[in-house]
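First comes the structure, then the notes that go with it.
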There are 2 protein chains.
Amino acid sequence: MNYTNIRWADIEAAHARIAPYIHRTPVLTSRSINALASCSLFFKCENFQKIGAFKIRGALNAALSLRPEDAQRGLATHSSGNHAQAVAYAARQLGVKAYIVMPENSPIVKVNAVRGYGAEVTFCAPNQAAREATLREIVARTGAAFIHPYDDDRVIGGQATCAKEFLEDVPDLEALVAPVGGGGLLSGTCLSAHYMAAGVLTYAGEPEGAADAVLSLHSGRIEKAPYVNTIADGLLTTLSERTLHILAQHVQAILTVSDAEILAALQLVFERMKIVIEPSCAVPLAAVLKHPELFVGKRVGIILTGGNVDLSRLAKWFAR
Amino acid sequence: MNYTNIRWADIEAAHARIAPYIHRTPVLTSRSINALASCSLFFKCENFQKIGAFKIRGALNAALSLRPEDAQRGLATHSSGNHAQAVAYAARQLGVKAYIVMPENSPIVKVNAVRGYGAEVTFCAPNQAAREATLREIVARTGAAFIHPYDDDRVIGGQATCAKEFLEDVPDLEALVAPVGGGGLLSGTCLSAHYMAAGVLTYAGEPEGAADAVLSLHSGRIEKAPYVNTIADGLLTTLSERTLHILAQHVQAILTVSDAEILAALQLVFERMKIVIEPSCAVPLAAVLKHPELFVGKRVGIILTGGNVDLSRLAKWFAR
């Protein structure tokens, strides 16, 4: 059974479609982190991307792929994170309405960010069933187009443009490392590496406290994490059949890391690179530092996925 | 009486001397901060500079200006901050010893950073007299060359290269804003603006809790701050006769800001620009936001001086 059929031409078309609306984010390096990791690390800085995260790529590609008569009824999604802002921003670019379902316990700063892009926020109980029911009701009432955060070929094709830029700018990478939550970015990363540079191995970092993907890749079907408790709050979702299928074919390994390892990597990036990233974003660097046997001496590309961190929460982690 | 005689040729020579050892730091912009400030802001990112701060410019220029027979006996200074790292780094580039006097209550992270560049650290009681006495003893014993953090034409000439790069990269700036502590960076900024672009007005931001420069400019002699209590711990020192003399001729105004205003500006830079800066570094942006009557509609250059922030202290400020 074929869950996806994303070709190289689809990724190229996605890039052409979204390029006018996004930043081509810079690739940074750090001599002192290289010395610690004993390899040459390249960081693709999606924390500097529009809305502060890579998610804008997938949401924009999905939105811009809609027929005009479908887009004009608006865009809808449920999310408490960067995807909510991404859909809100994409709708504003198209000049249409955005309907965002958010759990009623969402941090007010996130709600305000989404409203800041002009989106209409509908609150729901903080569970998956309530999210989906509320979204269905909105879609039925408005005719808005639902943009899933990752279980969508257009979204995956959009996220793939990040690794495409990365491999264009640093063509001799030997490995790519991305975090895995629902697997949209990781799937896109694998596909761009597959089409552009067959020799590049794609790895994922996953928090121990949300370790569903590593189990799913092992068993070959969607598994739940044994427990969910991590500071990497962007990586709590599980894979879909679609992303599992892509990852089963293309990902080299999923490397799990503890919250202590994530925090240490986060601190390194703040202190050595002087840039702000969110905890989910530090997971790949933590994985690289934990597995010298895989990376020593190599040229390794790390996707820094976003920089939307709540400073008062950050404060608690570092106040030790 | 003439305290200084820094010519344009001296600043050009300083730049040629230090350029091989430093980064030409990027200039960043932020649409959302521009919208808040109602002007076009340009940020010169010395937080990405070698050692994480502009101080390397002055220290390197002083060190590289020494006769080889003087340099070979080593470099010395007293500092608990970025100047200590700057002198240590400069000494390593020259292949000579660095002797750094630090107060015995210095944070261990700062001591380790200085030792990380191979410098010999000597501790002293945490007061100015003990610092100077300890330094004199070391200089007498070793013959090392003392590099003052700001009361030195070679240091000021080195710091001036920051505004020189800035005005080369953004030639149509209408104002420059830097923080003021001892006045080394601000003096260099004034001089480069004076020589390169006579129409550019140079302003300073100063913490209310270390407000000596604003008083000194008013009375025309070195004054002490009424009280010293601010999170901007890089700006606690007073002007020297030399820097007062330059500033009296060239600075447009010194604008004081409260710690609450500094923190709000710091938070804006973290959240909107996704870069790490130290509190002293947020003082100019705080001043610009406080004085729309001076800056609205203008093209304003802000020097972000450094990014060496202690994350656990940062945490306390934001954990509210």
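For peptide B:100-106, the mean count of partner chain Cβ atoms within 10 Å of a residue's Cβ comes to 0. Scanning residues 5 or more positions from B:ASP212 or on other chains, those with amide H under 5 Å from its amide H are B:ALA225, with H placed 1.01 Å from N in the peptide plane. Dipole magnitude for region B:56-146: about 160 debye, using +1 per Lys or Arg Cβ and -1 per Asp or Glu Cβ, origin at the Cα centre. Using a probe of 1.4 Å on the protein chains alone, the accessible area found for A:ARG272 is around 110 Å². Classification of region B:145-241 by its C-alpha gyration tensor yields a prolate form. The axis ratio a/c (a ≥ b ≥ c) is 1.5 or more, and a/b outweighs b/c.
Across the copies of the chain, A:ALA9 has label points (7 Å from Cα along Cα→Cβ) spaced 6.7 nm apart, shortest distance listed first.
Axis-proximal residue of chain A for the rotation onto chain B, reported as residue and distance in whole Å: A:ALA315, 2, based on Cβ position.
Taking a sphere under 12 Å around the Cβ of A:LEU239 and counting the other residues whose Cβ falls inside, with K and R at +1 and D and E at -1, yields a net charge of -2. Here B:TYR227 yields copy-to-copy label distances, from shortest upward, of 4.8 nm, the label point defined as 7 Å from Cα along Cα to C-beta. Leaving ligands and nucleic acids aside, the B/A contact buries around 1600 square angstrom of accessible area in total at a 1.4 Å probe radius. Solvent-accessible surface of region B:44-143, taken per residue with a 1.4 Å probe and all protein chains present: 39 Å². For the residues A:ILE231, B:ILE222, a 1.4 Å probe over the protein chains yields an accessible-area ranking, largest first, of B:ILE222, A:ILE231. With R₀ set to 35 Å, the beta-carbon distance separating B:GLU241 from B:ARG115 gives a calculated FRET efficiency near 0.55. When region A:56-146 is described by a simple charge dipole with +1 on each Lys and Arg Cβ and -1 on each Asp and Glu Cβ, the residue from A:ASN105, A:PRO68, A:PRO126 located farthest towards its positive end is A:PRO68. Per-residue accessible area (protein heavy atoms, 1.4 Å probe) orders B:THR237, A:THR142, B:THR77 as B:THR237, A:THR142, B:THR77, starting from the largest. Computed over protein heavy atoms with a 1.4 Å probe, the carbon and sulfur contribution to the accessible area of chain B reaches 50%. The string of couplings for region B:99-115 from the Karplus curve (6.51, -1.76, 1.60, θ = phi - 60°) is 10, 10, 8, 10, x, 5, 9, 5, x, 4, 5, 6, 4, 5, 5, 5, 5 Hz, one whole number per residue in order, with x for Gly and Pro. Region B:206-230 and region B:88-138 have Cα centres spaced 27 Å apart. Using the Karplus relation 6.51 cos²θ - 1.76 cosθ + 1.60 with θ = phi - 60°, the per-residue 3J(HN,Hα) values for region B:13-20 come to 5, 4, 5, 4, 5, 9, 3, x Hz, with x marking Gly and Pro.
Taking R0 as 45 Å, what's the FRET efficiency between A:ALA129 and B:ASN229 from their Cβ-Cβ distance, rounded to 0.05? For R0 = 45 Å, the calculated efficiency reads 0.25. Put B:MET102, A:MET196 in order of accessible area, highest first, and with a 1.4 Å probe you get A:MET196, B:MET102.
Shape class for region A:56-146, computed from the alpha carbon gyration tensor (a ≥ b ≥ c): oblate, with a/c not under 1.5 and a/b at or below b/c.
Measuring with a 1.4 angstrom probe and ignoring ligands and nucleic acids, A:SER30 comes out at about 10 Å² accessible.
Using a 7 Å offset from Cα along the direction of the beta-carbon, what are the separations from B:ARG313 to the same position in each other copy, nm, ascending? Output for B:ARG313: 2.7 nm, nearest copy listed first. Near B:PRO284: Cβ cut-off under 11 Å, other residues only, Lys/Arg at +1 and Asp/Glu at -1. The net charge is +1. For region A:188-320, rounded, prolate or oblate, judged on the Cα gyration tensor with a ≥ b ≥ c (square roots of eigenvalues), a/c < 1.5 rounded, else prolate if a/b > b/c? Oblate is the answer for region A:188-320, as a/c is 1.5 or above yet b/c matches or exceeds a/b. Residue by residue along B:48-58, Cβ atoms of other protein chains within 10 Å of the local Cβ number 1 on average. Residue-wise HN-Hα couplings along region A:284-291, as the Karplus relation 6.51 cos²θ - 1.76 cosθ + 1.60 with θ = phi - 60° gives them from phi, are x, 5, 4, 5, 5, 5, 7, 10 Hz; Gly and Pro carry x. Here A:ASP169 and A:HIS291 are evaluated by their C-beta separation; at R0 = 30 Å the FRET efficiency comes out at 0.75. Rounded to the nearest 20, the size of the Cβ-charge dipole of region B:64-223 about its Cα centre is 780 debye, with Lys and Arg at +1 and Asp and Glu at -1.
The values are calculated or read from the model by the stated rules, or taken from the named source; none is laboratory data. Computed from a predicted structure; not experimentally measured. Glycine gets a Cβ as well: all are built from the backbone with ideal geometry, and neighbour counts include every protein chain shown. Please note that ligands, DNA and RNA were not included when accessible areas were found on the heavy atoms of the full protein model with its side chains. Shrake-Rupley method; radii C 1.70, N 1.55, O 1.52, S 1.80 Å.
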